[in-house]
1. Pull up the stretch 351-371, narrow it to residues that are in contact with a Pro (Cβ under 9 Å, 6 or more places away or on another chain) and part of a strand (DSSP E or B), then point me to the one that is modelled with the highest pLDDT.
2. So, in the stretch 294-303, of the ones that are farther than 20 Å from A191 by Cα and among the hydrophobic types (A, V, I, L, M, F, W, C), which residue ends up modelled with the lowest pLDDT?
3. Can you name every residue in the stretch 129-158 that is farther than 23 Å from Q15 by Cβ and of a type in the set (V, I, T)?
4. What do you reckon, is N276 in the same structural domain as T196 (by TED's automatic domain parsing) and in contact (Cβ under 8 Å) with a residue 24 or more places away in the chain?
5. What strands (runs of 3 or more DSSP E) lie completely within the stretch 115-173 and have 1 or more residues being without any contact (Cβ under 8 Å) to a residue 24 or more places away in the chain and within 23 Å of Q346 (Cα to Cα)?
6. Show me the helices (runs of 4 or more DSSP H) found entirely inside the stretch 206-314 where at least 3 residues are over 16 Å from L195 (Cβ atoms).
7. Which condition from (1) buried (at least 16 other Cβ atoms within 10 Å of the Cβ); (2) at pLDDT 85 or above; (3) not assigned by TED's automatic domain parsing to the domain that holds V167 is the one that P82 breaks?
8. Within the stretch 315-350, which residues are among the hydrophobic types (A, V, I, L, M, F, W, C), over 28 Å from N197 (Cα atoms) and not in a helix (DSSP H, G or I)?
Amino acid sequence: MAAATGGDKPPLYQQVKRELLAAIAAGEYAPGRPFVTQREICERFDVSHATAVRALNDLANEGYVVRRRGQGTFVAERPPAPASADRTIACVLQNQGPHVGQILAGIEEVCADLGYRLFLNHCENDPAREEKALWGALEHQVSGIIVYPAEGSAVLTPYAEARRRGVPLVMVDRYRPDLVTDAVVADNMSAGRELTNTLIEVGHRTIATLWDEIDVTSIRDRLAGHVQALREHDIPVRPDLTVLRRYRDQPTETRRAMLSELLNGSQPPTVLLCSNGYALATAAQDLVALGLEVPGDIDLAGMDDAGPFDVLPLTAAAISLPSREMGRQAMTLLHDRVTGTASETQLRVLPISVQTRQSSVGYLRVSPLEA
């Protein structure tokens, strides 16, 4: 590990400490088992003994490891679980809207059936608020936690603390590849692949993608499925159409310039494949502002139906997510962890369905206002 440079990087011992916490959170070191030694830390991270000692001291002071005279350093044992009579679940969700609302409804159904109380926190896709909510859940000594993680979240310490305390945790809708946790997600690979196949079947071969979030597993899986379908049909993967870049949170003029450039090119797309309902709604508004009709001049498709309104009448096709069932299964899996009936870490992938435009078709067009 190279020495930290620049004013925004933490001290070297904190970098080492963070990586050791990540190892604990990932389950590389079980409670009660020997931890890495000072010498091993020096060799693994290429740091001095002083840096290794300080990182270990911090972990010991915060209760993640314990030192035993003459034996070495060990991962701290888990404290007793909270009393089963006070069965409270913490639910840490990002954003709001129909999709998240349905996930929450599924969680609440199972909580009511099994007699759990629900401690809810919406974090508006903010990793800092996610971290604060997780610490709050641990302070309340909840029986378990369901997390819909924020985009690009690198929050680590409360996850390591949850593992140390033996508090089970299930992620929903997306997961963290760097953390070993249970997760319940939709089949996002199939969402990208099946939706693209449907568009190709109705004649679209030039498909542009528009994205909202980009640094989450669900979106990366959808992109992979889309690319797979293109290749299966021998359609070139054009970097100007398939690039993973943000669209919805760009300034209005930037978004509309992006669309104009796409639609005025030598081989313009015939359909805009939007990552979710919110990106689709934004694209629809921008197309109207540019004087275009949907579906007359350009078509729309959505990789999910989560958005501010029913997107299906405006789309050639859209994916329906099993939102409520995701919530139900996340809570059921968490209950299995709380009661000790689940064994290996699970990733549950639920099927999606493709909805196509039926007899009633929605149109967007520009109409002049009466003077």
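The values are calculated or read from the model by the stated rules, or taken from the named source; none is laboratory data. Since we're looking at a predicted model, the values are computed, not measured. Note that we place each Cβ from the backbone using ideal geometry, even for glycine, and neighbour counts take in every protein chain shown.
1. S353
2. V294
3. Scanning the stretch 129-158 gives V142, I145, I146, V147.
4. yes
5. Of the strands (runs of 3 or more DSSP E) lying wholly inside the stretch 115-173, none has at least 1 residues that are without any contact (Cβ under 8 Å) to a residue 24 or more places away in the chain and within 23 Å of Q346 (Cα to Cα).
6. So the answer is 252-263, 277-289.
7. So P82 meets the others, but not (2).
8. Once the filter is applied, which keeps residues that are among the hydrophobic types (A, V, I, L, M, F, W, C), over 28 Å from N197 (Cα atoms) and not in a helix (DSSP H, G or I), the stretch 315-350 yields only A342.
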